[in-house]
Amino acid sequence: QVQLLESGGGLVQAGGSLRLSCAASGTIFSINGMGWYRQAPGKQRELVADITSGGSTNYADSVKGRFTISRDNAKNTVYLQMNSLKPEDTAVYYCYAKMVPVVTLDEYDYWGQGTQVTVSS
């Protein structure tokens with residue numbers, strides 16, 4: 001069974017930092033795009049950042065210069081380093097990956113369970 005497992009959320013004061021991790025497990029043929037979305041209470045889920053298998057990155061304007069996405073292909077893991085956190089960054093953060101399981105050899109979108117990030121002012 002292919003799945004994503006997130007870790008690293010928590011409570012931090014404004015100006016602080018957190019690092020989120022998301023590891024893919026299972027019998028995976030390949031992992032293409034990976035990334036992070038977030039959803040604040042009463043708001044729609046929004047893209048935070050994503051990264052291709054080749055390392056090209058894309059960021060939401062609201063996090064540019066503060067967040068850094070990276071991935072370790074050998075570990076099937078994507079990271080989100082969040083610096084200079086603001087109260088408006090408070091949300092549940094979800095990782096996702098476009099993965100090809102060995103059993104199907106078709107690409108599917110997979111989502112993590114979500115991890116809470118709370119930034120206090």
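Does at least one position in the range 89-96 carry a residue that is at pLDDT below 95, among the acidic types (Asp, Glu) and outside any strand (DSSP E or B)? Before the answer, list the steps.
We begin by selecting, within the range 89-96, every residue at pLDDT below 95; these are none.
Taking every residue of the range 89-96 in turn, none turns out to be at pLDDT below 95, among the acidic types (Asp, Glu) and outside any strand (DSSP E or B).
Anything in the range 39-73 that is among the polar types (S, T, N, Q) and either surrounded by 11 or more Cβ atoms within 10 Å (Cβ to Cβ) or within 18 Å of VAL12 (Cα to Cα) (or both)? List them, or say none.
From the range 39-73, those among the polar types (S, T, N, Q) are 39, 44, 52-53, 56-58, 62, 68, 70, 73; that's our starting set.
Answer for the range 39-73, where residues must be among the polar types (S, T, N, Q) and either surrounded by 11 or more Cβ atoms within 10 Å (Cβ to Cβ) or within 18 Å of VAL12 (Cα to Cα) (or both): GLN39, THR52, SER53, THR57, ASN58, SER62, THR68, SER70, ASN73.
Tally the residues that are charged (D, E, K, R) and touching a helix residue (DSSP H, G or I) at 6+ places or on another chain (Cβ under 8 Å), restricting the search to the range 88-119. Before you say what the answer is, go through the steps one by one.
Step one: list which residues in the range 88-119 are charged (D, E, K, R), which gives 88-89, 98, 106-107, 109.
Now drop any that are not touching a helix residue (DSSP H, G or I) at 6+ places or on another chain (Cβ under 8 Å), which leaves 88-89.
Selection size over the range 88-119: 2.
Determine the pairs where a residue that is at positive phi, located within the range 15-30, has a partner that is assigned to a strand (DSSP E or B) with Cβ atoms under 7 Å apart, the partner being 6 or more residues away or on another chain.
Between residues of the range 15-30 that are at positive phi and residues that are assigned to a strand (DSSP E or B), the close pairs are GLY26/GLN3; GLY26/PRO101.
Can you find, within the range 107-121, the residue that is most open to solvent (accessible area, probe 1.4 Å) among those that are assigned to a strand (DSSP E or B) and in contact with a Pro (Cβ under 8 Å, 6 or more places away or on another chain)? Full working, then the answer.
Narrowing the range 107-121 to residues assigned to a strand (DSSP E or B): 108-111, 115-120.
Restricting the remaining residues to those that are in contact with a Pro (Cβ under 8 Å, 6 or more places away or on another chain) gives 108, 119-120.
Values: TYR108: 99, VAL119: 10, SER120: 40 Å².
My answer is TYR108.
Name the residue, out of THR104, THR68, that is assigned to a loop (DSSP other than H, G, I, E, B) and of a type in the set (S, T, N, Q). Steps first, please.
Values: THR68 fails: assigned to a loop (DSSP other than H, G, I, E, B).
Sole residue among the options that is assigned to a loop (DSSP other than H, G, I, E, B) and of a type in the set (S, T, N, Q): THR104.
Any residue at all in the range 101-110 that is out of contact with any His (no Cβ under 6 Å at 6 or more places or on another chain), closer than 18 Å to GLY9 by Cα and in contact (Cβ under 8 Å) with a residue 12 or more places away in the chain?
The first filter runs over the range 101-110 and keeps only residues out of contact with any His (no Cβ under 6 Å at 6 or more places or on another chain), leaving 101-110.
With the extra rule that they be closer than 18 Å to GLY9 by Cα, the set shrinks to none.
No, the conditions are met nowhere in the range 101-110.
Would you mind telling me which numbered condition in (1) outside any strand (DSSP E or B); (2) touching an Asp or Glu at 6+ places or on another chain (Cβ under 6 Å) GLN44 fails?
Condition (2) is where GLN44 drops out.
Among the residues of the range 1-19, which ones are assigned to a strand (DSSP E or B) and either polar (S, T, N, Q) or more than 16 Å from TYR110 (Cβ to Cβ) (or both)? Steps first, please.
Step one: filter the range 1-19 for residues assigned to a strand (DSSP E or B), giving 3-7, 10-13, 18-19.
Of everything in the range 1-19, those that are assigned to a strand (DSSP E or B) and either polar (S, T, N, Q) or more than 16 Å from TYR110 (Cβ to Cβ) (or both) turn out to be GLN3, SER7, GLY10, LEU11, VAL12, GLN13, LEU18, ARG19.
Please determine, by comparing only the residues of the range 74-89 that are farther than 12 Å from GLN13 by Cβ and open to solvent by 30 Å² or more (accessible area, probe 1.4 Å), which one is nearest to the chain's Cα centre (by Cα).
Residue satisfying both the conditions and the ranking: TYR79.
The values are calculated or read from the model by the stated rules, or taken from the named source; none is laboratory data. None of these values were measured; they are calculated from a predicted model. Neighbour counts are summed over all protein chains in view; Cβ atoms, including those assigned to glycine, are modelled from backbone coordinates with ideal geometry. Surface areas here come from the heavy atoms of the whole protein model, side chains and all, with no ligands, DNA or RNA. Shrake-Rupley method; radii C 1.70, N 1.55, O 1.52, S 1.80 Å.
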